[in-house]
Each structure stands twice: as C-alpha cells, then as structure tokens.
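Below is one structure, written out as structure tokens; comments come after it.
The values are calculated or read from the model by the stated rules, or taken from the named source; none is laboratory data. No experiment lies behind these values; they were computed from the predicted model shown. In this analysis, Cβ positions are derived from the backbone assuming ideal geometry, glycine residues included, and neighbour counts consider all displayed protein chains.
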Amino acid sequence: MPGVVPGLADISIRVFADGVNKVTIQPQKQDKDRKSKSPPPDVAESVQGETNLFSAQLWLMDFGSYNLDIKIYQGQRVERTSIPVNSIATKVAVMNQATSSVLWVLLGVLFFGGINIIRVGYKDSTEPPGTEPDKTKRKRSYIVTAITLLFFSAIIYGGKNWWDKIDLAYQQNIFQSLDNKVDILNNGQADYISVEIVDELWVQDRIADLIPDHGKIMHMYIISDTYEQLAHIHPTRTDDRNVFIVKMPPFENGTYHLYMDITHETGFSHTMTNTFTYNTENTIYDPTILTVERDPDDSWMLNTNEDRITWKGKQPAYNAGDDIALQFKVSNNGTPAVLEPYISMGGHAALLKNDRSVFVHLHPIGTISMASQEMFQKNYTQGVLNREEICFFGFADDSTGNYFNSNTSPNGEVNFPAIELGTPGNYAIWVQVKSAGEVITQKFDFEVIL
C-alpha cells in the first residue's frame with residue numbers, strides 16, 4: 001500500500017491464462033453509513049517484456065478497508081475476483097530541502113510583492129500621468145500598507161493553523177500498534193493471561209471498537225523465546241471493554257512473545273505485540289477472577305517432533321523477493337489425512353522472522369479483513385458473484401460441492417498464497433490444520449538470502 005494517505009498504490013496482477021486482452025481494477029470502500037464510494041475502474045496496463053503480467057496505480061483517498069474489484073477480460077469471457085486491502089499511513093512524506101527553499105522564496109516574493117502592488121495601486125492609480133501624489137496620499141498609502149501587511153499575515157497564520165490541524169489528524173492516523181499491558185493472573189485454580197489496551201486514543205474512545213474476526217474477538221499467538229513452543233488461543237473480553245483474558249496454555253516457565261490480531265469496526269485489522277516472562281514471581285494472585293473456560297478452538301504445540309505435515313517443494317533457502325510457494329500435505333502413517341475446517345478456514349499459519357521484525361498470520365484464502373469480506377458477501381448475495389467463483393476454505397479441492405456436501409479435504413492438501421519476503425534472515429512458519437477433531441501444528445524453518 002502507498003504508505004501515505006491519500007496516496008498511490010502499485011498493483012501488479014499476474015494471470016495464469018493466455019488470451020487476456022484487458023484487466024480492470026476498481027477500489028471499493030464503504031463509509032460509516034455503509035454507502036459505497038467507488039471511482040470508475042482503472043485499466044491495468046500490460047508490463048512490457050513480461051507474460052500475462054499487468055500493472056496499475058490506484059489512488060486510495062481515505063483510511064480504512066478497501067475491496068479491490070478485479071475483472072479479467074478473455075475474449076467474450078469475463079472473470080472477477082475481489083482482493084481485500086487495508087489503506088493505512090505508515091510514514092510522513094518529507095519535503096526535500098531544495099523544494100522547501102524554493103517555496104519559501106516564492107512565498108516571500110508573493111507576500112511582499114502583493115503588499116507592494118496594493119500600496120502602489122492605492123497611491124498612484126488615481127493620479128493623472130506625470131503627477132506625484134501629495135503628502136496626505138503618501139501617508140495614507142503607508143496606512144494601507146500596514147493594514148495589508150496585517151491582513152496577509154492573518155491569512156498565513158490562519159492557513160498555518162488549518163494545516164497544523166490537518167497534520168495532527170494525519171499524525172494520529174499513522175499506524176501504530178495499540179499500547180497494551182500484559183499480566184499473568186492466578187485465581188487459586190489456574191493461571192490466566194490478562195491483556196489490557198491502555199493506548200490513550202483507545203481509552204478516549206477515539207478508535208473504533210472491535211468486531212469478531214472468524215468468530216473471535218481476538219486471535220492470540222504465543223511464541224516462546226526459543227521458538228519451540230507455540231499457542232494459538234482466543235481471549236474473551238471482560239466487563240471492562242479494555243481488558244481481555246484467556247487461560248494460560250500448559251507452558252513451562254520462560255519468556256514469551258505475544259502477537260494479537262484484532263479487527264476494528266472500520267474493517268481495519270492489525271496486530272498488537274508484547275512480551276512477558278512466565279514464572280511464579282511475575283504471577284499476580286487475584287481470587288476475584290471467575291473461571292474462564294478454554295475456547296474449543298484453542299491449540300498449542302509443546303515440542304517440535306510433529307512430522308505429519310509435509311511442505312511440498314520446500315527449499316532450505318529462498319532468494320529475497322522470490323515467490324515462496326506454500327503447499328502442504330498432511331498424512332497419517334503414509335495415508336492422506338482427511339482435513340476439516342479449522343476456525344472457518346482450511347488451515348492457519350504463523351510466520352515469524354528470527355529477530356521478530358516480521359510477523360504474518362496467514363490463511364489459505366488470504367488474510368481477509370471483515371469489512372472486505374462483508375462486501376464480498378454482499379456481491380455474492382446480490383448475484384454479482386457465482387458460487388463457483390468463491391473459495392470457501394482454501395482447501396486444494398475447494399469446489400462448491402465439497403463445501404455443501406462434506407466441508408473436508410480428503411486428499412490431505414491445503415495451500416496458502418505464495419509470499420514474497422524482501423528482508424534476508426532466518427524465518428519460521430507454523431502450519432495448523434485439523435483432522436479427526438485434532439489440531440495438528442508443525443514448524444518449518446527456512447532462510448531468505450540476497
């Protein structure tokens with residue numbers, strides 16, 4: 001995405017078919033009244049020297065969740081797909097010194113030039129040619145000059161105040177993970193993780209509230225400092241809207257890193273992070289805590305001995321910027337496992353760089369925001385999309401018949417969208433699937449090189 005809002009987003013589309021004569025892209029966004037705001041579609045241009053690769057630049061004019069409506073024209077046939085994206089500001093575009101200096105000079109010329117024009121116009125415009133204004137006229141011209149100076153200064157002052165407000169609003173919209181506080185609590189029966197959102201904007205109700213994503217108000221990944229233990233659990237909200245609580249997985253003492261996925265009412269999804277040390281000294285006794293049962297979809301991995309999942313075509317190292325195919329097959333004693341949906345998806349995966357600078361929660365059908373999913377569903381219910389065009393779970397066999405008849409993947413295969421990683425380093429990816437009611441979690445290590 002562009003990094004600044006409004007800004008231009010570079011969109012690249014590769015089509016895995018020949019004979020495509022046109023590709024169009026339309027950004028769709030709904031405002032708070034659920035009214036759609038969509039400009040006309042842009043035509044993606046074919047990239048010279050590439051096969052079936054199209055590129056376009058789209059203006060994203062507002063913050064929030066967009067749905068990119070893509071149409072692919074192949075002769076008389078038109079295919080359609082929807083891609084969810086989040087439009088966020090991650091930086092401030094800084095003006096270079098040369099441009100700033102030129103603008104200051106132009107401002108000075110316009111400011112003093114305008115004052116002088118008004119002064120001379122008042123003093124000389126009513127005098128006959130060749131006649132000098134009298135002393136009284138000259139004195140009045142100085143008064144006019146002073147008034148003009150004050151008027152122009154007031155315009156500049158008001159303009160600066162207006163721009164400062166715009167800049168402040170923009171600064172407040174620059175993406176930053178919400179500040180949060182993590183405590184380990186014990187009520188005499190079990191240990192619990194308590195997460196309190198303490199971010200000032202959140203506490204002041206200046207940030208939209210949360211909505212469930214795949215039926216959960218929060219998806220929490222806990223990864224040990226050794227990368228040997230992982231949990232995918234789902235805190236629930238307490239009576240205090242700022243506090244979320246979940247039962248601690250059966251982990252040993254140590255340092256753990258939290259990655260908490262949340263979705264706001266605006267459709268914007270992001271990840272809060274934190275780190276805590278789990279031991280007796282850091283556990284707070286609080287007998288007032290009511291017993292919180294585990295979510296039935298909570299799962300964890302206590303060791304790295306799992307080997308039922310195979311990463312098809314896995315390489316020990318990948319070049320930075322290359323597509324990394326994420327295709328997996330699950331077997332039980334050499335026989336393909338029958339996979340079931342896990343939390344409404346064919347599977348889940350968590351990718352983490354060893355220095356923890358990169359974290360991604362992956363789904364087989366993409367990392368979809370709820371707002372874009374609602375827009376997709378609206379297109380479906382209105383007959384814009386056919387059932388055959390919908391990928392339900394991300395299973396390798398994700399046909400309509402599979403969805404309505406069995407909701408399973410009998411060949412044991414699940415695929416995630418290929419990813420590109422531009423930063424060299426060591427990475428780990430934990431893949432989670434469900435078979436025969438059991439959540440299987442397996443870790444894979446790989447390296448990205450230049």
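Restricting region 239-256 to residues that are in contact with a Leu (Cβ under 8 Å, 6 or more places away or on another chain) and within 19 Å of residue 275 (Cβ to Cβ), which is surrounded by the most Cβ atoms within 10 Å (Cβ to Cβ)?
If we filter region 239-256 for residues that are in contact with a Leu (Cβ under 8 Å, 6 or more places away or on another chain), which is where we start, we get 245, 250-251.
So of that shortlist, the ones also within 19 Å of residue 275 (Cβ to Cβ) come out as 245, 251.
Values: 245: 19, 251: 16.
Filtering first and then ranking leaves 245.
Would a scan of region 219-228 turn up a residue that is assigned to a strand (DSSP E or B), under 24 Å from residue 67 (Cα atoms) and not β-branched (Val, Ile, Thr)?
Kept after step one, since they are assigned to a strand (DSSP E or B), are these residues of region 219-228: 219-224.
Filter again for under 24 Å from residue 67 (Cα atoms), leaving 219.
Subsequent filtering for residues that are not β-branched (Val, Ile, Thr) retains 219.
Yes, some residue in region 219-228 is assigned to a strand (DSSP E or B), under 24 Å from residue 67 (Cα atoms) and not β-branched (Val, Ile, Thr).
Taking residue 331 as the residue in question, decide whether it is out of contact with any Cys (no Cβ under 9 Å at 6 or more places or on another chain), among the small types (Gly, Ala, Ser) and crowded, with 16+ Cβ neighbours inside 10 Å. It would help to see each step written out before you state the result.
Details: out of contact with any Cys (no Cβ under 9 Å at 6 or more places or on another chain): yes; among the small types (Gly, Ala, Ser): yes; crowded, with 16+ Cβ neighbours inside 10 Å: no.
Taking the combined requirement at face value, the residue does not satisfy it.
Return only the number of the condition from (1) closer than 30 Å to residue 269 by Cα; (2) out of contact with any Phe, Trp or Tyr (no Cβ under 7 Å at 6 or more places or on another chain); (3) in contact (Cβ under 8 Å) with a residue 24 or more places away in the chain that residue 164 does not satisfy.
Looking at each condition in turn, residue 164 falls short on (3).
Please go through (1) surrounded by 15 or more Cβ atoms within 10 Å (Cβ to Cβ); (2) closer than 29 Å to residue 85 by Cβ for residue 321 and return the number of the only condition it doesn't satisfy.
(1)
Give, as residue ranges, the strands (runs of 3 or more DSSP E) completely inside region 368-450 that count at least 3 residues that are in contact with a Leu (Cβ under 6 Å, 6 or more places away or on another chain) and at pLDDT 90 or above. Explain how you work it out, then say what you get.
Numbers: elements: 413-420, 425-435, 438-449.
Per the criteria, 425-435.
Output the qualifying pairs, or none if there are none: Cβ atoms under 9 angstrom, residues six or more apart or on different chains, first residue in region 71-86 and under 14 Å from residue 17 (Cβ atoms) and among the small types (Gly, Ala, Ser), second residue loosely packed, with under 15 Cβ neighbours inside 10 Å and at pLDDT 85 or above.
75/19; 75/21
Only one of these conditions is not met by residue 131: (1) at pLDDT below 90; (2) part of a helix (DSSP H, G or I); (3) surrounded by fewer than 12 Cβ atoms within 10 Å (Cβ to Cβ). Which number is it?
(2)
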